[in-house]
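Just below is one structure, and these are the notes that go with it.
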Amino acid sequence: MRRLIRVLFFIVTLWSLYWFVAGFGLRNAITSWFDAQQARGWQSEFADVESSGFPGHHVTRLNSPALADPATGTAWSADWVEFKSPAIWPGRQVLRFAETPQRLSYFDQTATITADDLQAELQLQPGVALVLEKMALTAGPWQITDDADALAGGNTLSLMMEQTDTPEAYAVAAQIDGFAPGNDLRALMHSASSLPQRFETLELDMVTVFDKPWDRTAIEQNRPQPVEITLKLAEIKWGELRLFAAGELDVDKQGIPTGEIAIKAENWRDMIAMANAAGALPDQAVDPVTRALNFLAGLGGNPNALDLQLNFRDGFVALGPLPLGPAPRLILR
């Protein structure tokens, strides 16, 4: 019995020593990162740091963190941010943010972010390469305001990027329930006042194959670049407006996509009016585009529903038979 107690005492002592050493290393890594940003000329500070979580986790909380990059005019501050990871492997980090207002600034413009249960999750494979397995951002009810005016908000937020069985391929999913564009955003889109305050559906589901897995070299050297994109579904439902998209694209080394994206739009005439009012579609193009799309919609039997295809060829993109111009370059900087 005494021998068992001595063994248990030895194990507890060894684990406690490991926990404190690993915790100190993790805490030092976080605070050293802030020091490194200061050396680069940033404002990078926090009031104090707290450690907890023994024996199963490491929890490091920074109180009153603030970051500002004078070169870009970008700044962020919060009441606190918390880093939590299993004691056995710090490569599975969960970042929790304060539910009190956070401030994100760009030069003289400041937005206030409030969110319930806002947290980011980062899962890395054990090893020197630190290959990304999963990255996610989730929140309950959230809102972004500017000078007390709502810019955007939603009931929930879920963004995720997760490695598949193919190391270079990652599933990307996004879903916002109850997305509510603020007055400024509605004005920018020139949306009709008859449209409801909130979207019914705002969802994205796709798989992207990169030229290499996401690992530490993505920060230290160069970003992985997309080579194949499989859009399983992009869906928007906003009042009477409905938009669905799916398709596949191949991307060359210059970032030029080739392929097709099938699109189905309901009440598409309202979308043309919004695009024209927002400046995305010139006045002189409205009538020809409307006539052409009206003809194509009539072929489908439902004049209010439009089934078309975005065609990416030779560096250009066309909506059905209508040329739209040069295709966007899909390059991650």
Which order do Thr208, Thr100 fall in if you start with the one that has the fewest other Cβ atoms within 10 Å?
Thr100, Thr208
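For a quick check: sort Val289, Val21 by the number of other beta carbons within 10 angstrom, fewest at the front.
Working: Val289 18, Val21 10.
Taking fewest neighbouring Cβ atoms as first place, the list is Val21, Val289.
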Taking the alpha-carbon distance from Lys84 and a cut-off under 30 Å, which lysines remain once sequence neighbours fewer than 8 residues away in the same chain are dropped?
Lys134, Lys212
Under unit Cβ charges (Lys, Arg +1; Asp, Glu -1), what dipole magnitude, rounded to 20 debye, does the chain have relative to its Cα centre?
1120 debye
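Give me the dipole magnitude in Debye, nearest 20, for region 1-156 about the Cα centre, with unit charges on the beta carbon: positive for Lys and Arg, negative for Asp and Glu. Spell out each step's value before the answer.
On the way: 11 positive and 16 negative charges, 272 e Å.
I would put it at about 1300 debye.
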Give the peptides 305-316, 9-20, 103-114 in descending order of average Cβ contacts within 10 Å, highest first.
305-316, 103-114, 9-20
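DSSP loop GluC sites (Glu not before Pro) in region 109-162 with at most 14 other Cβ atoms within 10 Å of their Cβ, which ones? All intermediate terms of the calculation are to be shown ahead of the outcome.
Working: sites: Glu121, Glu133, Glu162; in loops: none.
Filter output for region 109-162: empty list.
Starting from region 1-101, pick out the trypsin sites (Lys or Arg not before Pro) whose DSSP state is loop and whose Cβ has at most 12 other Cβ atoms within 10 Å. Could you put the intermediate results ahead of the total?
Numbers: sites: Arg2, Arg3, Arg6, Arg27, Arg40, Arg61, Lys84, Arg92, Arg96; in loops: Arg40.
Qualifying residues, ordered by number: Arg40.
Cα-based Rg of the chain per 2.2 N^0.38 Å, rounded to two decimals?
Values: Rg = 24.8 Å, N = 333, 2.2 N^0.38 = 20.0 Å.
In units of the 2.2 N^0.38 Å rule of thumb, it is 1.24.
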For region 175-246, which chymotrypsin sites (Phe, Trp or Tyr not before Pro) pass both filters: DSSP loop (anything but H, G, I, E, B) and at most 15 other C-beta atoms within 10 Å?
none
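Coordinate-derived values only; no laboratory data. What you see is a predicted model, and the numbers here were worked out from it, not measured in a lab. Please note: Cβ atoms are built from the backbone with ideal geometry, for glycine as well, and neighbour counts cover all protein chains shown.
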